[in-house]
1. Name the residues in the range 13-27 that are open to solvent by less than 50 Å² (accessible area, probe 1.4 Å), within 14 Å of the chain's Cα centre (by Cα) and not aliphatic (A, V, I, L, M), would you?
2. If the requirement is being touching a strand residue (DSSP E or B) at 6+ places or on another chain (Cβ under 7 Å), crowded, with 17+ Cβ neighbours inside 10 Å and of a type in the set (Lys, Arg), which of these qualifies: 71, 30?
3. Any chance you could count how many residues in the range 58-68 are part of a loop (DSSP other than H, G, I, E, B) and open to solvent by 30 Å² or more (accessible area, probe 1.4 Å)?
4. Mind checking which residues of the range 96-112 are open to solvent by less than 100 Å² (accessible area, probe 1.4 Å), at pLDDT 95 or above and part of a loop (DSSP other than H, G, I, E, B)?
5. Scan the range 33-57 for residues that are loosely packed, with under 15 Cβ neighbours inside 10 Å and not in a loop (DSSP other than H, G, I, E, B) and report the count.
Amino acid sequence: QVRLVESGGGLVQPGGSLRLSCAASGDIYRVYHMAWYRQAPGKERELVANFPSGGTPNYADSVKGRFTISRDNAKNTVSLQMNSLQPEDTAVYYCNARMGIPIKAYWGQGTQVTVSS
């Protein structure tokens, strides 16, 4: 059993910053990647950024240059630093991890990010 717990969401004004964190616990084995997704009202869930094990981060075009994903493999955590936030970044943000043999995808419960003046 693997559990992902997010924290750090909230309300911020346009141009502001937030930092999301996700901690994985439980039967953690062979982590292939950790990532952040988001889902805005009425839209499909989309990939924001991912960080493959042994690889380099990848970002959605809409967040490049504003968001930074980081991992701490020793602590099994992944974070998302979000700068220059805009109203279109408003969404529920989900932590995702793919791990194990066979590979399974795990999701956090989501954390709300609202960008509004």
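1. 21, 22
2. 71
3. Looking only at that region, the number is 5.
4. 108, 110
5. Counting residues in the range 33-57 that are loosely packed, with under 15 Cβ neighbours inside 10 Å and not in a loop (DSSP other than H, G, I, E, B) gives 3.
The values are calculated or read from the model by the stated rules, or taken from the named source; none is laboratory data. Quantities reported herein were computed from a predicted structural model and do not represent experimental measurements. Methodologically, a virtual Cβ is constructed for each residue, glycine included, from the backbone with ideal geometry; neighbour enumeration extends over all protein chains shown. Ligands, DNA and RNA are stripped out before the accessible areas are found, and what is left, the full protein with its side chains, is counted by its heavy atoms. Shrake-Rupley method; radii C 1.70, N 1.55, O 1.52, S 1.80 Å.
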